[in-house]
Structure formats: structure tokens, C-alpha cells
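The values are calculated or read from the model by the stated rules, or taken from the named source; none is laboratory data. Since the structure is predicted, the reported quantities are computational estimates derived from the model, not experimental observations. Cβ: placed from backbone, ideal geometry, glycine included. Neighbour counts: every protein chain shown. Ligands, DNA and RNA are stripped out before the accessible areas are found, and what is left, the full protein with its side chains, is counted by its heavy atoms. Shrake-Rupley method; radii C 1.70, N 1.55, O 1.52, S 1.80 Å.
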Amino acid sequence: MARHLKTQGDRIAERLTWRQLVELDACTRCGECQVWCPVYARDSRELITARSKIQSLRSLVRDRLGEAEHEEFISSLYECSACGQCHVVCPVRINTPELWEQSRASLVQAGIPQPEDQIRQLSAIKEFNNSYSRPQQERGLWADKAWESGLLIKPLRLWKEHPSPVLYFAGCTASYEPSQQAVAVQSARLLQEAGIDFSILGSDEPCCASKLRRMGDSDFLREAGRRTAMIREMGIKTIVVSCAGCYKGLHSDYAGIWSDAPHVLHLTQFLDLLIRDGRLLLRHEVPLTATYHDPCHLGRHNNVYDEPRRMLRAIPGLRLVEMPRHRSFSSCCGMGGGLKLAFPGIQLKMSAGRIREAEETGADAVVTPCQTCAMGLQHAADEISSPVKVYHSNEILIRSVCPDVSREAVVEAFSRYET
């Protein structure tokens, strides 16, 4: 067994960067990661903490990890959303999200697979080009339904027919998940209201494949390379995404892959610019006290904090209050990094904890610009019967711009197409 682990440890070490190998020795075991870890708050075992994972990984690459410890480390590595909170509070700034993702990839390449539920979703992404195992030709149906239902000012144009200054990238969840398709419709309508010349890819839109990176799939670079080549060949210069995960994928994960990279903006960044330029008019009051949930992929991972808040504060009648943990200290809802697939019970507890934190502010609603966070928080709010409503930020903005395109209106309109 020791010889197997040594061989395995060597293979894992070879796939870590020199900086990550140094980081294995940099941990001071101060315990700040334990204090702030949102997973440890729901499963208080030392092996869950960043310092324990780092110690185990160091032992693994040096052939000092026993068989039982080996199994515990593998489990703890995936019982983590890679939210980056431990990176923020680490006195020596160990880049833990990158370390966890690269460690997962290294383990897979060394012959240690991900949890089964993660493997199924990763396989779906590579087979169907989306995480929902749905036909690719259905990806752009939301746009047709929205136009036919009178929810858009004009029909959306496909990039191949109308190359435009801006591409709106809806992402898998807003394209396929019925509860979140309003995000795509409202994004398009808001851009139309501001007079933006934009197009969509429709059935040509690929999955960003960022989940492959999150869960350590060894095909990430190949799949990302295909997508960057396609976007580059199309001549796309500006991409606006409404998904925090897609934003991290296209903006950050692809950073070392793009040549002549397009400008990638999250929708909140773009809408904030449009509001300040006077191109998107906020006509109606929205009498609401709301608190804002920072998605990890948008906030901690990419430092997008001000634009979403500025956008919300510009809405007449809305009062924004902060939870105790916000901005870089925002508590993760648990929906990222494959955690929900591998440990759904922990994820639910994390989202429920966040809802309780929102309740303590006295807010009527928690607002987030990430449809994945919105799903996790909504499930938790339902489970604990919380009076706090959960909204995607589009839903609040659309109430001020054109209330007839509410989430309820989209769901009702789209239900007519169900067979």
C-alpha cells in the first residue's frame, strides 16, 4: 500500500504548480479557516478545515498518509464548495480555491475519481453540452417562447445571422431550468429596454464547461479550448453573462486560454453602466427592504461587489441592508464546486443558515445575481418555512423597468408550451 501511495503521491505532486507545492508548507495552522468555513459550521470535523486538507495533501504527496486517512482526505476534499473564504482570511494568502480544484484534477489523473453524482453531471456536460442532459437544439427555445408570449420588444437575433457588438450568453441553467428561465427572458428584455444591439447564440451556445474545472475533470482544458476557438472564430468581442458561474468560467478560468480575449461582463456590471449612463430608465418604485447575497464566483473570486449594490440602490423605493457577513466575508450558500451533488444535506444546511442570516436583518427579501444561488436559497427558504423571499436581481430590476415581465408572467407564459 505504501508503495502505491508513493507512486500516486508522485503523480499528484507532478500536476500541482510549484507555487501550490510551496503552499503545502506555508500553512501556519492558525485556525482562521476553521473559524470562517461555512462547511465546518455545518459539519464540525477538523478534517473539513482547510488546514487539515492541506496537511493531508502534504502527507499524500510525501507518502506519509495512511489508507484510512487517505479515504478521509478524499471525502473532505469534495465536501467543500471551494468558495474561497479560507483564502480571504488566510494570513499567508494560500490560494485555496485553486489548490482544491487542482488537487481534484490531480487525483482524477492519478486514478481517483470524483463522487458518482459528480461524474454523472460531468459526463452529461461532455455528451449533451449542458448539465441537464437536454438536447442542444432546445437551448434557445426560451427566446422563441418569450417573443411569442409578448415578453420581448422584438425577436432576438442569432449571432450567425446578425453579428452584433454584444453577445448575451444565457448559460445552461437560464436556458433549461424552468424555474430560472425568467432570468434569460428578463436579461434580454432589460438589454432591449436600454437599446442595446445584441445577439444570442441559440442552439450554438455551448456550456461554459466551468463545472469541469470546479470538479477536477481532466478534459477541462480540451473542452475550454474548443469553446474559445469557436468564440474567437465568430469574432465575438463583448460577452454579457447572467450566470456567476459562467462569468468565472469565461472571465477567469479561460484567462490563460484566450488569445485576443473578448471583454466578458457580468450582467450586473453591464446594467450598472447602462443605469448610470441614463440608457436604462428605472420608472417604477419597488417598495422593498432587501439584503444582498454575494455569489462566491462573482464576489470573492472576481471582486465584483460594488456594481450589483449600486444597481439595486438606484431602484426607487428599495432599501438595501447588509447581512453581517457580506462582500468578501459573504457566507457561501453551498451550491458551487460540486458540493450539492456530493453532499446535498450539507448544502441545504448552508443555504438555510444564509436565509436565517437574512431574516435577522429584517429584510423582506434576499437578492442575488446568480440563478444557482437563487435555487439553493429558495429551496432552503421553503424547507425552513422562512418568510424571506428569494429573488434573482433581474426580478427586482424588471419591476422598476417593465413590471409585466415578472417571474410569474414568464412561468405562466412558458407553461402553455408544456406537453
Problem set entry | Those trypsin sites (Lys or Arg not before Pro) in segment 213-322 that DSSP places in a loop and that have at most 15 other beta carbons within 10 Å | Lys237, Arg279, Arg283
Seminar exercise, completed: Put Arg407, Arg120 in order of accessible area, largest first, probe 1.4 Å, and you get Arg120, Arg407
Exercise. Counting other Cβ atoms within 10 Å of each Cβ, which GluC sites (Glu not before Pro) in segment 195-300 have at most 13 and sit in a DSSP loop?
Worked result: Glu285
Exercise. If you put +1 on each Lys and Arg Cβ and -1 on each Asp and Glu Cβ, how big is the dipole of the chain around its Cα centre, in Debye rounded to 20?
Worked result: 700
For this session: Could you tell me the accessible area of Ile384 in Å² (1.4 Å probe, neighbours in place), rounded to the nearest ten?
Result: 50
Seminar exercise, completed: With all protein chains in place and a 1.4 Å probe, Thr96 shows an accessible area in Å² (nearest 10) of 0
Problem set entry | Linear extension gain, Arg327 paired with Glu360, 0.36 nm per residue minus alpha-carbon span | 10.2 nm
For this session: Mind checking the full-extension length gain between Asp306 and Arg19? Use 0.36 nm per residue of separation minus the Cα-Cα distance, one decimal, nm.
Result: 100.3 nm
Seminar exercise, completed: For Met230 the rounded accessible area (nearest 10 Å², probe 1.4 Å, non-protein molecules ignored) is 50
Seminar exercise, completed: Length-normalised contact order of the chain, Cα under 8 Å, at least 6 apart, in percent, tallies to 16
Problem set entry | Selection from Asn130, Leu151, Gln109, by position along the positive dipole direction of segment 59-157 (Cβ) | Leu151
For this session: Can you tell me how much longer the chain between Gln192 and Ile153 gets when fully stretched, taken as 0.36 nm per residue apart minus their C-alpha distance, in nm with one decimal?
Result: 13.4 nm
Problem set entry | Mean accessible surface per residue for segment 1-122, computed with a 1.4 Å probe while every protein chain stays in place, in Å² | 46
For this session: For an R0 of 60 angstrom, estimate the FRET efficiency from the Cβ-Cβ distance between Glu67 and His162 and round to the nearest 0.05.
Result: 0.50
Exercise. Segment 39-73 to segment 96-124: how many Å between their Cα centroids?
Worked result: 16
Exercise. Using a simple charge model, +1 on the beta-carbon of Lys and Arg, -1 on the beta-carbon of Asp and Glu, nothing else, what dipole does segment 20-103 show about its Cα centre, in debye to the nearest 20?
Worked result: 280
